[in-house]
Amino acid sequence: MARALPSRFWGDLKTTDFEHIDAAKTVAVLPVGATEQHGPHLPLRVDQLLVDTILAAALPQLPADAPVLVLPTQAVGYSPEHSRFAGTLTLPASAVIDTWVHIGECVAAAGVKKLLLFNAHGGQVSLLDIAARELRTRANMVVYGCSWWNLPLGAEVEGLFTADEHRFGVHAGEIETSLLLAIEAGLVDMKAAMNFGSTSRDRSAQYPILGNGKSAKLGWHMQDYNPQGAAGNAAAATADKGRRVLDAAAQQLALLLQELSALPLSTLVDRPAK
């Protein structure tokens, strides 16, 4: 018989606790980040901090009986686009996908049939789709991938930043720097923060199809956009903006987790119609 879990963290459970899992409602969350350079002003573990902090802020907003289990954060991901910068750690795409899929298979073997891959690194978004589909195929799991910035943060929060910053401030810019100021300001060197321009902006003006951000995508390294390893107006960042983004992201993540818990396992259909 299903009963309330003693903890929301996978590693806190005893093996016998899994005898009482509600397979229809329990959601496992795999936080996936990266360890990579974030310009001259931010630390390597930005993406770890973001995924862990947003998730930590979301958990208290869940109903007390919401069956959500947080797996250990994956701190090293797919970051070859930052590999020319010292300190970056990266794995091959195949290794990252295999790791996520193998973890997911272990989750399924424990009786949990729903998984959220919660991501904070833009360079591995495409890997979420592949891992989710592999787990649907191999473990018959309901798997969703979610990158925090795609949560519906609301017009007020989106309006804290210009359209230009949303489009071109893709790495260690105003948004990420604001979040780090809110999370752990001592890790931010605002003296080194500046308005980091992006060659992507220049291309958007000169090449209307290649540069529109939708029709075609460049296989890029970060120095292709800015040799300092950042893109966006980091100098305009504030802790207040970061707190507002964090609050909105946590609220929406909590709602997403509740929706995923309520989603029926019959969402997956075993066989096509004959």
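Bear in mind that the values in this text are calculations on the coordinates, not laboratory data. Not measured: the values here are computed from a predicted model. Please note: Cβ atoms are built from the backbone with ideal geometry, for glycine as well, and neighbour counts cover all protein chains shown.
Applying the criteria of a DSSP loop state and at most 11 other Cβ atoms within 10 Å to the trypsin sites (Lys or Arg not before Pro) of region 164-207 yields K191. Counting 0.36 nm for each residue step from D129 to Q258 and taking away their Cα separation leaves a gain of 44.3 nm.
Comparing Cα centroids, region 119-155 and region 198-243 end up 22 angstrom apart. Residues whose amide H comes within less than 5 Å of that of G145, counting only those at least five positions distant or on another chain, are L117 (H built at 1.01 Å from N in the peptide plane).
Based on alpha carbons, the Rg and Dmax found for region 46-157 are 14.9, 46 Å. An ellipsoid equivalent to region 148-226, defined through the eigenvalues of its Cα gyration tensor, has semi-axes of 25, 17, 11 Å when rounded to whole angstrom and sorted largest first. When the C-alpha to C-alpha distance is required to be over 30 Å, the pairs from K191/K214; K191/K241; K14/K114 that qualify are K191/K214. A straight Cα-to-Cα reach below 14 Å connects K25 with the aspartates and glutamates D65, E259, residues fewer than 8 places away in its own chain not being considered. Considering helices alone, the calculated mean residue ellipticity of the chain at 222 nm is -11500 deg cm²/dmol, with DSSP H runs of length four and up weighted by -39500 (n - 2.57) and normalised per residue. When you filter the trypsin sites (Lys or Arg not before Pro) in region 78-159 for DSSP loop state and at most 15 other Cβ atoms inside 10 Å of their Cβ, you are left with R84. Put the Cα centre of region 91-114 next to the Cα centre of region 1-25 and the gap is 19 Å.
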